[in-house]
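This report refers to the structure that appears directly beneath it.
The values are calculated or read from the model by the stated rules, or taken from the named source; none is laboratory data. On a predicted model such as this, the values are computed, not experimentally measured, just so you know. Because the Cβ atoms are built from the backbone with ideal geometry, glycine has one as well, and the counts that use them run over all protein chains shown. Just so you know, the surface numbers come from the protein's heavy atoms only, side chains and all, with ligands and any DNA or RNA stripped out. Shrake-Rupley method; radii C 1.70, N 1.55, O 1.52, S 1.80 Å.
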Amino acid sequence: MSFFNKLIFPLLLLAGAAHAQNGSFTTISPGDKEADIIYKAARVTPSPRQLRWQQLELTAFFHFGINTFTNKEWGDGKEDISKFNPTELNAEQWVKTVKDAGIKQVIITAKHHDGFCLWPSRFTEHSIKNTPYKNGKGDIVKEVANACKKYGVGFGVYLSPWDRNSAYYGDSVKYNTYFENQLTELLNNYGKVDEVWFDGANGEGPNGKKQVYDFNSWYKLIRKLQPQAVIAIQGPDVRWVGTETGKGRLTEWSVLPVDEQQQKKIADASQKDVMVKPVVYKAGEDLGSRDRLKGAKGLVWYPAETDVSIRPGWFYHPAEDVKVKTGKELLNIYFTSVGRNSLLLLNIPPDTRGLISDSDVKELKDWTQLRESLFKNNLLKGFTVGCQNGINNNALVNGQGSSFWTTKGTDSTAVIEFDSAVPVSFNVLQLQEDITKGQRIEKFSLQYLQDDKWTEITSGTTVGYKRLLNFNPVTAGKVRLVIESSRFNPTLVSVGLFKSDFMP
């Protein structure tokens with residue numbers, strides 16, 4: 001590399017020139033070698049809606065409906081909906097409770113598999129309009145939407161594709177039209193919608209036939225009516241991590257390979273706005289490493305969502321009041337979801353009164369206090385930072401998040417040293433890449449100087465939006481982060497060391 005390039009390249013990178021990238025999707029040409037593919041993978045970035053979604057970190061599900069009153073998880077669509085009558089329903093209590101817990105967006109189950117609608121849909125009688133709630137004049141979707149506006153929380157809807165009540169279900173053309181009509185109601189009548197959440201549940205219709213969903217038409221409708229909305233998890237923007245335990249993968253890539261057919265569909269639709277649900281080229285524990293990319297025909301930014309319920313079930317059941325996950329358990333889940341480059345979708349189901357139960361509120365408060373106490377003080381702020389091939393080293397600990405650290409030239413490895421005359425005790429490491437430039441770090445380790453010898457404390461693979469690792473407490477005044485492998489120049493917006501009295 002010439003002197004000019006060595007000088008100018010880092011400056012362009014810092015100025016944001018790396019934004020002139022391929023966007024959230026790129027094709028792989030037949031002649032591309034492995035190095036070309038890795039270079040392209042390093043430059044795939046989230047769309048604006050995906051970036052906003054990832055930065056939320058925490059979202060909430062409100063599973064509420066006729067199942068709440070029948071004490072079931074899955075209804076069959078034949079329930080007596082006259083039982084639906086929450087006497088103290090307060091959507092503002094729902095939204096304020098989760099906002100106080102640091103949750104920035106909510107999703108309401110507008111319709112679950114039983115087909116019962118929490119809004120007065122014009123297209124079915126299996127709806128809140130035919131219940132005692134507010135003498136048939138209620139609209140809980142509107143109540144939640146209004147509460148979200150009041151408290152500045154994102155608003156999303158879950159509309160189950162499976163409908164066990166509709167006579168159209170199984171007649172694919174009629175049912176898809178019916179579903180699209182309902183989706184249009186939700187997208188048109190409740191202001192800004194920030195997320196539309198689908199699952200892939202699909203059963204036999206009343207006619208004995210399996211319904212074929214027209215997801216692509218639904219995606220187009222959402223893009224037209226609510227273009228800022230993220231479509232998850234049967235959608236083009238966000239994928240399911242694959243488990244409802246709250247545990248993500250130890251190696252989680254947001255840049256994934258797609259096969260030839262998917263590459264063509266995505267490219268034909270738009271290379272700027274992915275409009276079809278990507279299909280992961282290979283499945284397994286590791287979805288996006290170098291080995292996984294070798295057979296790819298295209299690369300797409302497709303981040304993971306990790307969903308889990310605060311209770312054993314997804315709807316409220318009185319017997320589970322004593323089985324609510326504790327604040328410490330929720331902190332553990334924060335580490336294994338958000339701390340593994342995923343977003344946490346936490347289900348918090350309102351009870352038959354129409355309120356978040358006291359037991360859930362208590363544990364959410366405990367979780368919030370634990371989380372805030374742990375991360376309020378980055379112990380590295382008192383350290384000097386040094387990196388021989390680093391640019392903007394102080395950005396790693398200044399806490400601003402508006403600037404980022406990277407390496408000079410085309411260096412893909414680095415050793416970042418943190419030095420303090422006063423040793424500190426810590427047991428948690430936090431790393432964050434600048435994902436607006438891509439996801440790049442493949443392997444790293446944290447070490448400390450002991451008896452003039454560098455000793456490893458912990459290590460990991462991917463970082464992405466956020467990586468959290470906990471370990472036995474270490475006391476040291478000299479620490480270093482070693483980036484052992486990266487796709488193109490690594491970037492980081494922060495490095496943090498923290499001390500927790502509770503070990504996740």
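Ranked from largest, the principal axis spans of the Cα set of segment 428-470 equal 40, 17, 13 Å. Too long at a 25 Å Cα-Cα cut-off: which of K408/K466; K104/K129; K104/K265; K78/K99? Exceeds cut-off: K104/K129; K104/K265; K78/K99. Of the chymotrypsin sites (Phe, Trp or Tyr not before Pro) found in segment 72-101, not one falls in a DSSP loop while having at most 11 other beta-carbon atoms within 10 Å. Of the residues Y168, Y219, Y465, the one with the largest accessible area comes first in the ranking Y168, Y465, Y219, computed with a 1.4 Å probe on protein heavy atoms.
Scattering from the C-alpha atoms of segment 329-374 alone, worked out with Debye: what is log10 I(q)/I(0) at q = 0.25 1/Å? Reported log10 I(q)/I(0), two decimals: -0.95.
Taking the C-alpha atoms only, the angle from helix 3-14 to the longest principal axis of the chain is near 30 degrees.
Across all directions, the average projected area of the convex hull around the alpha carbons of segment 365-504 is 8.3 nm². Normalised by the number of residues in the chain, the average gap of Cα pairs under 8 Å and 6 or more apart makes the relative contact order 17 percent. Using only Cα atoms, tell me the angle between helix 327-336 and the longest principal axis of the chain; keep it within 0 to 90° and round to the nearest 10. That works out to roughly 60 degrees. Positive-end ranking of T177, L159, I140 along the dipole of segment 70-199, with charges on Cβ about the Cα centre, is headed by I140. A Förster radius of 41 Å, combined with the Cβ-Cβ distance separating K499 from A35, puts the computed FRET efficiency at roughly 0.50.
For S494, the residues whose amide H sits under 5 Å from its own are Q432, ignoring neighbours fewer than 5 places away on the same chain, with H placed 1.01 Å from N. Taking the average, over residues, of other Cβ atoms within 10 Å as the packing measure, peptides 31-40, 61-70 rank 61-70, 31-40 from highest down. Working note: Karplus 6.51/-1.76/1.60 with θ = phi - 60° gives segment 87-93 the couplings 8, 10, 4, 9, 5, 5, 5 Hz, where Gly and Pro are set to x.
Shown for segment 133-183: the carbon plus sulfur share of the solvent-accessible area, taken with all protein chains present and a 1.4 angstrom probe, equals 46%. Calculated accessible area for the chain comes out at 40 Å² per residue, all protein chains present (probe 1.4 Å; ligands, DNA, RNA ignored).
Under a model in which nothing but the beta-carbon of Lys, Arg (+1) and Asp, Glu (-1) is charged, segment 109-218 shows a dipole of about 380 debye around its Cα centre.
For the chain, the Kirkwood hydrodynamic radius comes to 24.2 Å, computed from all pairs of different C-alpha atoms. Computed from backbone phi with θ = phi - 60° and the Karplus coefficients 6.51, -1.76 and 1.60, the 3J(HN,Hα) list for segment 111-125 is 8, 9, 4, 6, x, 6, 9, 7, 10, x, 4, 6, 9, 7, 8 Hz; x is used for glycine and proline. According to the Cα-based calculation, Rg over Rh for segment 29-145 is 1.22, with Rh computed by the Kirkwood formula.
Which percent of the accessible heavy-atom area of segment 27-104 goes to carbon and sulfur, probe 1.4 angstrom? Answer for segment 27-104 is 49 percent, counting heavy atoms of protein chains only. Note that segment 173-181 has calculated 3J(HN,Hα) couplings of 5, 5, 5, 4, 5, 4, 5, 5, 5 Hz, one per residue in order, obtained from phi through the Karplus relation 6.51 cos²θ - 1.76 cosθ + 1.60 (θ = phi - 60°); glycine and proline are x.
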